[in-house]
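To start, the structure under review is shown below, and the notes come after it.
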Amino acid sequence: MMRSLQFTVLSVLLMCMAAVAGASTLSVEAVVSPAWVEHAGGAREPLVPGAELRNGDRVLTGNGARALLRMAEGSAVKLGENASLGVDSLTDRGGTAGRLVSGVLDVAQGAFRFTTRVFGAPRASRDLNIRIATVTAGIRGTDLWGKSSAERDVVCLIEGRIAVQHQDQTFTMQDPLSFFIAGRDGKRQPVAPVPAAQLQEWAAETEIAPASGASRRGGKHRVALAAVADEGAAAALAAKLRTEGYAARVRAYRASGGADGGLRYAVDVIGLGSAEDAAQMAAALRKAGYSTAG
């Protein structure tokens, strides 16, 4: 996708929850599949809760997908469907006092939200660049939403202050609940208040709704696809699901009540956050042509 907006979050000083020892700079909290992480070498695998994202990784979401990522100091990055987010030069330096998280998040397309209102009160410093297409913005804020599409780029300031540079013009966004649009033709609309209904619509693009088929960190529920006696066939099915952006694994078990009592192989989509999420995932897989157990 042609890149025409560059959106930079520079020296965002936020108070944030201290991270536990050994925490990664950016990790995955929740996912509505299909979604993937593409590594620097080109290998791609399903995006799963608990995964740690490394420099050079790119998060990709498919139709209807969502992702919730957690920075080590407690802020959240939310992605909507058909989004692409690259990770570069992320570092976490210092202890609880004087701690600094820095790096680059590259939003090539799709909707995102950056907020500190998910994982607790902030307590760290941040020097973070977020790039999106024709705008560079220095942000002193705690909550913003943006989207890059083929027609335009949108930045919505929910709370805080943004110094914006668009082409050769520089201006400040400091009124909460205001937004700015840069068209692909190089023109921009004046900063204006965002209507409540519009903000609600935009925010929904990056939220994970209840019972939406989400997998979550520590999720215990699963969806079992129809079991087979051939381990190779089960492995091939699991590989197909993983390629399509679902966290699938093969589970072997001993059949009971059968004539041979031999091993059977089920393919499970794992980590669903609730029974309702599992039911929604099962329905989505059946719609996609897969046969689920039960």
Given H placed 1.01 Å from N in the peptide plane, which residues other than close sequence neighbours of Gly56 have an amide H under 5 Å from its amide H?
Val87, Asp88, Ser89
Go ahead and run the numbers for FRET between Asp230 and Ser149, Cβ-Cβ distance against an R0 of 30 Å, rounding to 0.05.
0.10
Applying 1/(1 + (r/R0)^6) with R0 = 51 Å to the Cβ-Cβ distance of Gln189 and Arg54, what FRET efficiency is obtained, to the nearest 0.05?
0.85
Could you give the size of the charge dipole of region 214-287 about its Cα centre, using +1 on the Cβ of each K and R and -1 on the Cβ of each D and E, expressed in debye and rounded to the nearest 20?
240
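Among 213-226, 33-46, how do they line up from the highest to the lowest mean number of other beta-carbon atoms within 10 Å?
Packing order, densest peptide first, comes out as 213-226, 33-46.
Counting other beta carbons within 10 Å of each Cβ, put Phe179, Phe114, Phe119 in order, fewest first. All intermediate terms of the calculation are to be shown ahead of the outcome.
On the way: Phe179 22, Phe114 26, Phe119 18.
Lowest count first: Phe119, Phe179, Phe114.
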Where does each of Met71, Met281 land when they are ranked from fewest to most other beta-carbon atoms within 10 angstrom?
Met281, Met71
On full extension of the chain, what length is gained from Glu276 through Asp127, given 0.36 nm per residue of separation minus the C-alpha to C-alpha distance?
49.7 nm
Determine the shape class of region 214-287: with a ≥ b ≥ c the square roots of the Cα gyration tensor eigenvalues, call it rounded for a/c under 1.5, and otherwise prolate if a/b is greater than b/c, oblate otherwise.
prolate
What is the set of long-range amide H partners of Asn82 at a cut-off below 5 Å, with H atoms built 1.01 Å from backbone N?
Thr61, Gly62, Asn63, Gly64, Ala65
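The numbers here are math on the coordinates, done by the rules we state, and not lab data. The structure displayed is predicted, hence computed values, not measured ones. When we count neighbours, we look across all protein chains shown, and the Cβ atoms used for this are built from the backbone with ideal geometry, even at glycine.
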